[in-house]
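Working notes, beginning with the structure itself.
Taken together, the values in this text are just the output of simple stated rules run on the coordinates, not laboratory data. Computed from a prediction, not measured in an experiment: that's the story for all the values here. As a convention, Cβ positions derive from the backbone with ideal geometry for all residues, glycine included, and neighbour counts pool all protein chains shown.
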Amino acid sequence: MSTIGLALKVYSVVPCKNILIPIHTPEHALIAVERAFELYPFADTTLYLSGTGCVQRKWSLLKWRKTVTAVPDHAMINKLAAKIRSVYPGSRVLVETPADEQPDETYYWQLITRHNIDLVLLVKGETENMLPSYASFPVPVLVITPGCLNHPIRSILLPVHGFVPETQVHASLMFAKKFNAQIYLVTILGSDETHSKQHVDAFYLTYKLLMEYGHTPYYKILQGSHDTEMILRYADQVKADLLLTSLERKRSVTDLLHPLSALQVLMLKPHIK
């Protein structure tokens, strides 16, 4: 079996059986649930709700700065779970919330491991922060906005950098087949010749790989130095519905994603252990 085949075997993206939805607001949680069941049939999927449901807040004054600490609202999240079960009869919705403090990276890591989570689904709003350091999570992270709801996946954007993104290639192929969508390849070349050659080589090999699997992608080579901004502009140009990228700690596409955008961002790691 090839390394590509091994990557697909270890890192299956579709379908996801166990989805974690961190709760910050009930409204966004319902959006996440609806999107989850648009992508994956609820009969085969278990949703795990966790977080604070930030309705209670404690204010303190520290060095002339105000800080906010969200307190878990267990009753609200359990009520939300009951509502989801009534809207989607037969769905499996489980609740697990932290005892008395804002959930952190370690808490989510343990929850992901304990319940064999396949996907973390986040909704980006206008004000609330995303999860702390979600780039460290050992599973895919799908970031959506309220604007993507009921927006079908018809175009998939796959950026290529200095290596062949094997995991993203297989994810794009699976989503393309599932939704009859078109894949768009894009790479960005800068002024450094060595850097540019690596990108061109990886871009060509990625194109060839997709062709070998029976999908002819559209493709574009851009020139510039602001990768994130250029990728988002190109996504808007081709009306991309889904962007496949890597989990990164530095400034990412999700930082610049507008809450009203219809673009969804699925962040993947090259290998899952």
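Of the peptides 79-86, 189-196, how do they stack up when ordered by the mean number of other Cβ atoms within 10 Å, highest first?
79-86, 189-196
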Of Lys124/Lys239; Lys79/Lys124; Lys239/Lys269; Lys79/Lys177, those spanning more than 31 Å from alpha-carbon to alpha-carbon: Lys79/Lys177
Rounded to whole Hz, the Karplus (6.51, -1.76, 1.60) HN-Hα couplings of region 30-46, x for glycine and proline: 5, 5, 4, 5, 4, 5, 4, 7, 6, 7, 9, x, 5, 5, 10, 10, 10
5 angstrom amide H check on Val186, placed H, neighbours 5+ away: Leu158, Val160, Lys220
Estimated vicinal HN-Hα couplings, Hz - region 87-97 in sequence order (Karplus 6.51, -1.76, 1.60; Gly, Pro = x): 6, 10, x, x, 6, 9, 10, 10, 10, 8, 10
